[in-house]
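Here, each number is a calculation from the coordinates, and none is a lab measurement. Everything quoted here is computed from the prediction, not taken from an experiment. Neighbour counts are summed over all protein chains in view; Cβ atoms, including those assigned to glycine, are modelled from backbone coordinates with ideal geometry.
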Amino acid sequence: MSYLDLLKLAAPEAIVTLTALIVLVIGLTTSRGTVVAGVSPAMPQRRAIDTTASTVVCSFVAALGLIVAIGAMLSLPSHANLFQGMLVISPLNSLFMVVCLVLAFFTILLASRETPNYGEYLAIILLATIGLLLLVSSEELLMIFIGLELTGLSLYLMTAFDKTDIRSAEAGLKYFLFGSTASAFTLFGLSLIYGMAGTTGLAAIAEGLAAQSLSPLLFAGIVMTLVGFAFKIAAAPFHLWAPDAYQGAPVSSAAFIASGSKVASFVVLGKIVLVGFGPVHGSADWHAMVAGWSPVLAVLAAFSILIGNLVALVQTNLRRLLAYSAVAHAGYTLLGLVAGGRAGFSATLFYTTIYAFTLIGAFGVVAVVRRETGGDNLQNFAGLRARSPLLAGCMAVFMLSLAGLPPLAGFFGKFYLFSAAFRSGANHGLLWLVALALFGSLISLYYYLIVLKVIFQTQGAEAHLLPSVAWNGLSNLTIAFAAAIVLFLGIAPQFLVARILAVLQTITIL
Amino acid sequence: MIAWTIYITFAGAVLLLFLPRAFSRWIALLTTTGTFAISLATFFCHDLDLAHFTTIVRVPWVPALGMNYHLAVDGISLTLVLVTSITAVSSVLFSWDVANSASGGQLLQSGNNPPHQSASRSGWVTQPVDATGCPSAAKRVDQRSNEFFFWLLLVVGGSFGVFLSADLFLLFVFYELVIVPKYFLIAIWGSTNKEYGAMKLTLYSFFGGALVFIGIIAAYVTAGSLDLNELAQFRFTPQLQSWAFPVLFIGFAVLAGIWPLHTWAPTGHVAAPTAGSMLLAGIVMKLGAYGGLRVAMNLFPQGFQMWSSWIAILAVIGIVYAAAVALRQRDLKFVIGYSSVSHMGFVLLGLATANVLGVSGAVLQMFSHGVIGALLFAVAGRMIYRRTHTRDLDELSLMELNRALPFASFVFVIASAASMGIPGFSGFAAEITILIGVWKTFPIAVWITGAGMVLVAAFTLRALKRSFFDTAVEEGQNVKGVTTLNREALEPITVPEKLGAVLLMFATLAIGIYPKFLLDRIVPAVEAMRFLKTGG
């Protein structure tokens, strides 16, 4: 294996890295230093103020780099395996690498001129994207951990990037502290797994574990590994960072955390538990639980659905509301993994993908409204219908899809997930979890409708006090496109389901 | 051809969003009239096999999961499509100048009821007073009329979809599709306590939907198919049927207003705008009953046998209880709302009998109540409330409305007579068929229901008398702070209102005089259903 071959197979990652460096250089060379007030008024800081031209160039280069990377993805061979699974190219991995790149592309379109030091900000988004690509394309524990860390560190930075907002710093610190603790757990868990199985490749781990029974040590390793991922996907009770991060971070960072990071985490979590830990599946059936990872995930799912939905009921800030709803949705999505098998995994992948597009659109609307009205509390959205019918319509699509109403993608996604969960297990053992998830959906409809009520129905004086929402060409186009995707995948889910099922055919162990 | 009812309706809804507002009501009228023409034409088209659930469209949708875009029709579906289109046409006619409630002008001599106040009651003042200092009511109305008709057509189109779906998943998609438009119709254009009513209705519907969801998944996962005709042949284990049937049936019956899960209905009906109430009573409540019949009973016949007497008990309680509650209401719309629950109790009772007469009568009652309920709400919400701005029976009784609005009082008399079950109207034909069916299965229920019917007559007559025919007090005399009506200020009944009312009255009379027209198509379709064979 020559380095040239390696470069060919890792072309998407290489292209994104190169783009990140170029964007960084452009940002550094074109910005001018000025004195502006810092977090504390007593301490003026020198801060780079970006010129419009430089931000446009930065965005353009970053977007172009991502498009080229997607192009490079499509020209990769369909199967390749480097260094015992460190870099695996398979239809499944390629599909989700493309999804991650597309989500990063959307994020960059939405990010336009949100923060100072725009070049650096875009460069960090691109670095996070590389982390996601590594995460998705690797089937080896060490490499997965590196991907997790690269993503995590970039996301901590992105969260804390808005230096004019003290909330952003707080969110970044919280995210970092929780995240690094969770990483430590994961690393410890992975080392235990390595000790038991004697290898770090996922397929080899499965073989190693098949020979032994579930010892307490192995179980500890599994639980610790899952802790790290539960943190990543914001499953309760490891969700405490999410509300602050979603609310405090620059909107585009929050969108990326909620979409790209989540998709990649679910893909790799699915591969770890279903492929690597396949032999110690256990069972989460009611009254017939068998120790293994699936009851652990089932408990996480149940907690997430309950806590996420109940706490979301009382939120008055839309971003916090989305954060708690994200916790609940992590719970729904876990249902597919608990169910296991090809149907369960494909349901999880479908759901997490459409969820990512829904949230990126919803955060896009939040970004526009925040730019125009200076806030993202619910009252900032009052009468949005009159101010911008397009945004209001798109928001309705996103909220109703999250609530799981037809003809939107969320409805089909839930049906697919719940039917997969219902089917698995002996004698419909997962009915308890399905019923709980439906109960959660019922609760969630209330708060999503409250959002829509504020947007569509609040009228009169208070709406006039707020400025109208101007036409933000690129943002609106991106948001409308996301809404179109959600609607399209609701009406023609076959488009994605067939692809996911086809790529899962290649994983024989399922 | 009947499938085009769905396509036309949704196409009309989409068109509404893109065309200027001036056209909106014409598009809505054209669309609904088109569906009415189609469904009526299908009734007279004899080359369709209405005795069986005959496939008309079948296209693969998500082959990986066995979902098809599969539409079918039989006599039951066609009857319900017909009543849906009739109600839709008349509800468009009754919202011809939607939300333009401001144009009523000064009605009460002392009543401080300028356009602005009534507009804010109807719920959506987005424009400030314009430069001339006069709030331009007509303009404000037109601002959202296309949105109003958009949601309205979504409800109608979704209902057509439910009645014609032969794929369980497709049916559920359409069923859930109806939920959100209802919320917006009520929360934006409604009146009295509209946000509460809208949210309650939506959450109840969604709760029912969640139960249905479990039942559907259970059937789908067990039988591995979503095709209703295939599922109807599948033999589910009695153990599955014993729990899946009640889950599925209750889930659907929430929307049909089964006691004790009926409480969304009166509040929802009262809060809704007139067209919304008409759709709720005329169409949406039928979705639940239809789902119970087509899905729950037909798929799980043994489960149905186990639970049918419980359903009958709930239905009888519903009939009597709702009628008794209606007797005590002061708000005219609440009276009608509870009467809807009572009438839907007859439908559920008919279904529970599990014999041809009872079930056919239930379907006929669905048609009949759709028409009569819509008519009652049209009179109460549109003809009376929009002109007098009150629905309080005590206040109405002072207004001597039979002289002020002779046409409205004529319509209300007809509607009340039909609602009470006077022979010659569709209500009588349907209820007598149901009761004969009930006599065969649950004789005791007939006696209780008979008492309930007396209550129905009592509250209907009471509402009729208080609203239209009470002795007037001296003009100008002030009772309880309410002043008498300035009769000349009442806007006369408009032509669209007359047309809508005539259409509905014609429907109830025609079916009352010649029920065979519908029964000839309903009975064979009912006879083809599985639970009858197993039951017999």
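Summary of values
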{"item": "Charge-dipole axis of the range A:121-184 as Lys and Arg at +1 and Asp and Glu at -1 on Cβ define it, positive-most pick from A:Ala128, A:Ala171, A:Leu142", "result": "A:Ala171"}
{"item": "Cα-derived Rg over Rh, computed across the range B:207-366 with Rh taken as Kirkwood radius", "result": "1.00"}
{"item": "Estimated FRET transfer efficiency when R0 is 45 angstrom, pair B:Ile432-A:Met289 (beta carbons, to 0.05)", "result": "0.20"}
{"item": "Ranked packing of A:280-288, B:427-435, most packed first, by mean Cβ within 10 Å", "result": "B:427-435, A:280-288"}
{"item": "Two-decimal Rg/Rh across the range B:246-289, once Rg and the Kirkwood Rh are taken from alpha-carbon atoms", "result": "1.00"}
{"item": "Exposure proxy ranking, count of Cβ atoms within 10 Å, fewest first, for B:Ser165, A:Ser346", "result": "B:Ser165, A:Ser346"}
{"item": "Expected-Rg normalisation [2.2 N^0.38 Å, Cα atoms] applied to chain B", "result": "0.94"}
{"item": "Long-range HN-HN contacts of B:Thr54 with modeled amide H, under 5 Å", "result": "B:Val73, B:Asp74"}
{"item": "Calculated on alpha-carbon atoms, Rg and Dmax of the range B:306-359 in Å", "result": "12.4, 40"}
{"item": "Phi to ³J(HN,Hα) by Karplus 6.51 cos²θ - 1.76 cosθ + 1.60 over the range A:400-416, Hz, x for Gly, Pro", "result": "6, 5, 4, 5, x, 10, x, x, 9, 4, x, 5, 4, x, 5, 4, 5"}
{"item": "Given charges at beta-carbon only (K, R positive; D, E negative), |dipole| of the protein assembly as shown in Debye", "result": "880"}
{"item": "The protein assembly as shown - Rg (one decimal) and Dmax (whole number), Cα, Å", "result": "30.9, 105"}
{"item": "Whole-angstrom Cα spans of the range A:236-390 along principal axes, big to small", "result": "54, 25, 24"}
{"item": "More than 26 angstrom apart: percent of Cα pairs within the range A:124-238", "result": "26"}
{"item": "Structure-based [θ]222 nm, chain B - -39500 (n - 2.57) summed over DSSP H runs of at least 4, per residue, nearest 500", "result": "-22000 deg cm²/dmol"}
{"item": "Rg and Dmax of the range B:335-423, Cα atoms only, in Å", "result": "15.4, 48"}
{"item": "Label-point separation in nm, A:Tyr446 to A:Leu177, each point 7 Å along Cα→Cβ", "result": "3.2"}
{"item": "Alpha-carbon centroids, the range A:368-400 and the range B:173-187: separation in whole Å", "result": "21"}
{"item": "P(r) of the range A:95-178 over all Cα-Cα pairs, binned every 10 Å from zero, in whole percent", "result": "18, 44, 31, 6, 0"}
{"item": "Label-point gap, in nm, between B:Ser309 and A:Leu6 - each point 7 angstrom along Cα→Cβ", "result": "7.9"}
{"item": "Taking B:Ser308, A:Ser252 and counting other C-beta atoms within 10 Å, the order from fewest to most", "result": "B:Ser308, A:Ser252"}
{"item": "Principal axis dimensions, largest first and in whole angstrom, of chain A by Cα", "result": "66, 54, 45"}
{"item": "Mean Kyte hydropathy of 0.5 or more with a Cα span along the axis of at least 30 Å, helices from DSSP in chain B", "result": "B:137-164, B:194-223, B:301-326, B:332-353, B:356-377, B:443-468"}
{"item": "Filter on A:Lys453/B:Lys333; B:Lys182/B:Lys286; B:Lys333/B:Lys498; A:Lys453/B:Lys200; A:Lys262/B:Lys200 - keep pairs with C-alpha separation over 22 Å", "result": "A:Lys453/B:Lys333; A:Lys262/B:Lys200"}
{"item": "³J(HN,Hα), Karplus 6.51/-1.76/1.60, whole Hz, each residue of the range A:216-228, x for Gly, Pro", "result": "x, 5, 4, 5, 4, x, 5, 4, 5, 4, 5, 4, x"}
{"item": "Chain A - mean residue ellipticity at 222 nm from DSSP helices (-39,500 (n - 2.57) per run, n ≥ 4, rounded to 500)", "result": "-24000 deg cm²/dmol"}
{"item": "Euclidean distance between Cα centres, the range A:111-144 to the range B:323-373, Å", "result": "61"}
{"item": "Student exercise, the range B:148-284 dipole from Lys, Arg, Asp, Glu Cβ charges, in Debye to nearest 20", "result": "300"}
